[in-house]
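The values are calculated or read from the model by the stated rules, or taken from the named source; none is laboratory data. Please read these numbers as outputs of a predicted model, since none were measured by experiment. Note that we place each Cβ from the backbone using ideal geometry, even for glycine, and neighbour counts take in every protein chain shown.
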Amino acid sequence: MHPHFDNTVIALIILNSLLLGCINYEQINTNVPLEQQDAMNKFVNKSEIYFVIAFGIECVSKIIGMGFIIDKGSYLRDPWNWLDFMVVISSLLTEIPAMKSFSGMRTFRLMRPLRSLTTMPSMKILISTLL
């Protein structure tokens, strides 16, 4: 719950979102092998593991600090953390070699920017109202 922790996570989300926005999805959609893709796609692909690890550490830290599901105020008692948990788990699954070719799992990476909403109470209210 420390502000520096939240700011670090938001900075990682912004950086990851910018990198995801730089991907040439045409090469991915046409199944061009990674070795033949442009330098930006290779860089984003190589940096992906570091973001997965960082977001995994964030998730585990929150679970240790808040509890998982049993206690009031625990991690999964907040519906916004469901999104966090789903994105982290799907990101971990895409790092399994057999799952790398399953493009549906990669779509969850695009939900990472929504994770920033969990640290902004006013945005939570706005999105909840819109929904």
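Brief remarks follow.
- Which numbered condition SER74 misses (of (1) under 16 Å from the mean Cα position of the chain (by Cα); (2) closer than 15 Å to MET1 by Cβ): (1)
- Restricting region 69-87 to residues that are charged (D, E, K, R) and in a helix (DSSP H, G or I), the residue that is surrounded by the fewest Cβ atoms within 10 Å (Cβ to Cβ): ARG77
- Conditions (1) farther than 30 Å from ILE127 by Cα; (2) of a type in the set (A, V, I, L, M, F, W, C); (3) modelled with pLDDT under 85; (4) surrounded by fewer than 15 Cβ atoms within 10 Å (Cβ to Cβ): number failed by LEU110: (1)
- The C-beta contact set for region 75-101 (first residue within 22 Å of ILE10 (Cα to Cα), second residue small (Gly, Ala, Ser), distance under 7 angstrom, 6+ apart or interchain) comprises TYR75/GLY67; VAL88/GLY56; LEU92/GLY56.
- Test: residue in region 12-33 that is polar (S, T, N, Q) and in contact (Cβ under 8 Å) with a residue 60 or more places away in the chain: yes
- The listed residue being among the acidic types (Asp, Glu), part of a helix (DSSP H, G or I) and surrounded by 12 or more Cβ atoms within 10 Å (Cβ to Cβ), out of GLU48, GLU35: GLU48
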